[in-house]
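Below is one structure; the comments refer to it alone.
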Amino acid sequence: MNRQSFSTREIWFRCSACERESYCGQEYEELKDPDVLCPYCGHTMKLAAARLDLHREMLHPAARRAKATAKPSQAKKTRAGIKDFRAFLREYEAQFPDDVFHVEKELKAEFECSAVAKKFDQRHEYPLIIFHKVVNLNGRVSPFRASVNVVGDRQKMAFALDSDIDRVGAEWAKRVQSEKRAPQVVPRKGSPCKENMRLGDAVNLWDFPVLRIHEMDPGHYISAGLLTCYDPEKRAVNCGYHRGFVVGPREIRCYLSPGTHNAWNLRAHEELGEPMKVAYWIGHHPAATMGAHTHMGYPSDHYETAGALMGEPLRVTASETLGDDFMVPADAEVVIEGIMRPGVRAPEGPFGEYPRYYGPQIMSPVMEVTAVTYRNDAIWDTLMVGMVHDYAGVQAENVVYEVVRRAVPQLKRVYLPRSGNGRFHVYLQIKKIHDGQPRAAIMATLAAFEWIKHVVVVDDDIDVYDDAQVLWAIATRSQWDRDLIVVPDCLGSQLDPSATRSANSTKGGIDATMPAAPQRYPMRVNVPAEVMKRTILEEIVSVEQLARRGRGRYSSLPSGLDE
Ligand SMILES: Cc1cc2nc3c(=O)[nH]c(=O)nc-3n(C[C@H](O)[C@H](O)[C@H](O)COP(=O)(O)O)c2cc1C
Ligand SMILES: [Mn+2]
């Protein structure tokens, strides 16, 4: 490699007085023995004497390295007792009291609870909310409380895993890789989820505060229920979130999108002409629900990954009506048992879905409920699908992190931003050592997760949790004739309204990184850190005037349309 191969547009030099590095333009090459001025200390010197040989720099890299800044852990390390939903709520509220709201006002399950969540969504806030008096479908105040946003943002998921907001996706991946644990079987008697029981015709799902979330939803939906079943051959237990339309006291229509393992399990049962036994479980420690909701190869045991994330075995117990070999989580708040008969389908949807559009009505399998068991004072949990939340993004991060690190070990961070519904955009932060790496990272990511459409690769000086910084990197570090990859006709999301009906989707990536060292790139502007540190705005301008000012957010939408 010779000097000409470096594409830098600047000539770099190190000041002979203060030793800081800066640069002048390439036109200095045309000048005869030019002087250069150090912008930091004002020293003037001969360029020839101070000029940096970038080729040598590459062979003998400067010892000075920027230190990676680790964010402090947000979670307490010690916990006592069993990990269940209540333990999480109690411990989280003790640690973050201002992030939990208790709503004592009577609110209807129809729209009124989701309107409260929506009000916070409009503020870009996702506090955990417990509704104490929800008027249910029977027109009475439900004996059960309702919760929303339990995994609404990264802080809550990080707390659940004793991790931090920066590492939570990677921690998920790490534990699934190396800490799977077999579940622990406990007797029915004494299992909290069996404290109350309704069988057969005694079941009435309308007693629960099942919410109706968005206006065009045809009714009340289960959204935070992990639908669980076994594959007929290997009998691996599979869990996934599948929305459930509560049509009657004992009827739930469940959306199983074609690529999910539960859909494959149903097809396998249908080929045998047998009904499929299924159970929803609702309300558990988020480490258990996150672990059970790990996307893996088929078939894989999801109770083992629940144990991986919990750091202890998931306690399971036998079902009431699905046989002694159908296990349900013993510490869940509510368990709904039932069967899906082969070939039976009924209209379900439309439903306010994760891309924040209504997904269309479709013919979905029907769950005939055979039993409901629940804890004393059960809490009914709902995930605010169709509103912004961090859950789906963190779930995908754990998969992407694993796959991309194999291709590009210099991968630092993966973030699926809220702006892409936690599905469609992904930002990768890498500490690049070769200019080909962003492309490798883009290709690996697009193959890792079918929902991901757009990959942006940035350097490690860009905060991936800030959309504005990523857009700035695109603005100033990419040229799309070179840095844009477009791959048409991929398998995408059925619920992406811009994809074709068969979920054909165009995918792509942008390399928004600077050239790899030793090539140089213009420096980001900055005010000296020492001066920033001792400049306290509140001591210099009026505190009252500061407080009165808005935060500088513009909206061009008529009020009501602004999501
Ligand atoms: C909040 C939420 C709701 C979801 N709702 C559905 C749904 O209604 N139907 C569906 O097929 N997948 C839904 N999914 C996606 C599946 O839960 C996910 O693909 C899961 O990994 C499937 O399990 P599997 O990996 O065993 O196939 C949802 C995901 C989330 C995070
Ligand atoms: Mn699975």
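Some observations on this one:
- Within segment 357-397, considering residues that are among the charged types (D, E, K, R) and more than 13 Å from ligand 1 (Cβ to nearest atom), the one nearest to T305 (Cα to Cα): R375
- Filtered residues of segment 283-295 (kept if within 16 Å of ligand 2 (Cβ to nearest atom) and of a type in the set (G, A, S)): A288, G291, A292
- Residues that are assigned to a helix (DSSP H, G or I) and within 20 Å of V334 (Cβ to Cβ) within segment 157-189 comprise just one, A160.
- From the list A441, A475, A468, A447, the one residue that fits, being hydrophobic (A, V, I, L, M, F, W, C), outside any strand (DSSP E or B), touching a strand residue (DSSP E or B) at 6+ places or on another chain (Cβ under 8 Å) and assigned by TED's automatic domain parsing to the domain that holds V400, is A441.
- Among the residues of segment 351-367, the ones that are part of a strand (DSSP E or B) and within 19 Å of the chain's Cα centre (by Cα) come to 1 in all.
- Annotation: E333 fulfils all but one of (1) over 16 Å from V185 (Cα atoms); (2) within 16 Å of ligand 2 (Cβ to nearest atom); the unmet one is (2).
- Single residue of segment 388-420 satisfying the filter (charged (D, E, K, R) and not in a loop (DSSP other than H, G, I, E, B)) that is modelled with the lowest pLDDT: E402
- All positions within segment 262-277 that are within 16 Å of ligand 2 (Cβ to nearest atom) and in a helix (DSSP H, G or I): N262, A263, W264, N265, L266, R267, A268, H269
- Qualifying position, being within 16 Å of ligand 1 (Cβ to nearest atom), at pLDDT 95 or above and surrounded by fewer than 23 Cβ atoms within 10 Å (Cβ to Cβ), among H284, H293: H293
- Considering (1) in a helix (DSSP H, G or I); (2) in contact (Cβ under 8 Å) with a residue 60 or more places away in the chain; (3) closer than 17 Å to I339 by Cβ, the lone condition that A287 does not fulfil carries the number (3).
- Exclusive hit being within 18 Å of G386 (Cβ to Cβ), in the same structural domain as P209 (by TED's automatic domain parsing) and buried (at least 22 other Cβ atoms within 10 Å of the Cβ), set A115, A146: A146
- For Y280, the conditions (1) within 12 Å of ligand 2 (Cβ to nearest atom); (2) under 17 Å from L383 (Cβ atoms); (3) in a strand (DSSP E or B) are fulfilled apart from (1).
- Applying a threshold of 7 Å to beta carbon distances and a minimum spacing of six or more residues, or different chains, the list of pairs starting in segment 341-362 at a residue that is more than 26 Å from A268 (Cβ to Cβ) and ending at one that is basic (K, R) reads Y354/R423.
- Candidates P518, P558: the one that is touching a residue at least 12 places away in the same chain (Cβ under 8 Å) and either surrounded by 10 or more Cβ atoms within 10 Å (Cβ to Cβ) or outside any helix (DSSP H, G or I) (or both) is P518.
The values are calculated or read from the model by the stated rules, or taken from the named source; none is laboratory data. None of these values were measured; they are calculated from a predicted model. We place every Cβ from the backbone using ideal geometry, glycine too, and count neighbours over all the protein chains shown.
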